[in-house]
Amino acid sequence: MPYDSNNIFAKILRGEIPCKKIAEDEFYLAFHDIQPCAPIHVLVIPKSAYKDVYDFNQNANPDEIIGFSKGINQVIELLNLRQDGFRLISNFGTYGGQEVPHYHVHLLGGKKLGPMLPSS
Ligand code: 5GP
């Protein structure tokens, strides 16, 4: 499936819908998740159009990959997440439950997050 440029994060990148921005540069945008799962729940997205983590890792150029990784670190610094720790998640596909088809990572923190997955 090709990249869907009508997805909600593409609209945020184009400024068509608002977000609570934390930081950005030419490679990434970071903003608060609209339905936070933790006291700190930030989404970091690349500025370029990639569907998911596989697409990004496969097709992004080295500048985009480095820029995105450094962007995550900038957010970690800005939100002072290194001392107490955080969790970084990227959902993919049906089992992962990705809802928005523009690559993003969730950066979660602000409290002890507990087990990685709820026990079933
Ligand atoms: P996914 O399930 O694709 O990994 O995560 C998508 C995330 O995007 C969800 O945590 C959801 O709350 C968040 N989200 C969906 N729509 C919006 C929106 O319009 N604005 C913001 N800031 N977050 C959104």
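Can you name the residue in segment 88-120 that is crowded, with 17+ Cβ neighbours inside 10 Å and of a type outside the set (A, V, I, L, M) and is also nearest to the ligand (Cβ to nearest atom) among such residues? Walk me through it before giving the result.
Let us first name the residues in segment 88-120 that are crowded, with 17+ Cβ neighbours inside 10 Å, namely 98, 100-109.
From the residues that got through so far, the ones that are of a type outside the set (A, V, I, L, M) too are 98, 101-104, 106, 109.
Working: GLN98: 4, PRO101: 8, HIS102: 9, TYR103: 10, HIS104: 6, HIS106: 6, GLY109: 15 Å.
Out of the qualifying residues, it is GLN98.
So which residues in segment 1-23 are in a strand (DSSP E or B) and surrounded by fewer than 17 Cβ atoms within 10 Å (Cβ to Cβ)?
Pass one, segment 1-23, residues in a strand (DSSP E or B): 21-23.
Within segment 1-23, LYS21, ALA23 meet the criteria.
Restricting attention to segment 31-38, does a residue exist that is among the β-branched types (Val, Ile, Thr), exposed (fewer than 15 other Cβ atoms within 10 Å of the Cβ) and within 11 Å of the ligand (Cβ to nearest atom)?
First, the residues of segment 31-38 that are among the β-branched types (Val, Ile, Thr): 34.
Within this subset, residues satisfying the condition of being exposed (fewer than 15 other Cβ atoms within 10 Å of the Cβ) are 34.
The next check asks that each one be within 11 Å of the ligand (Cβ to nearest atom); those that pass are 34.
Yes, segment 31-38 has at least one match.
We did not get these values from a lab; they are worked out from the coordinates using the rules stated. This one's a predicted model, so the numbers in the text were calculated from it and none came from an experiment. Neighbour counts run over all protein chains shown; Cβ positions are idealised from the backbone, glycine included.
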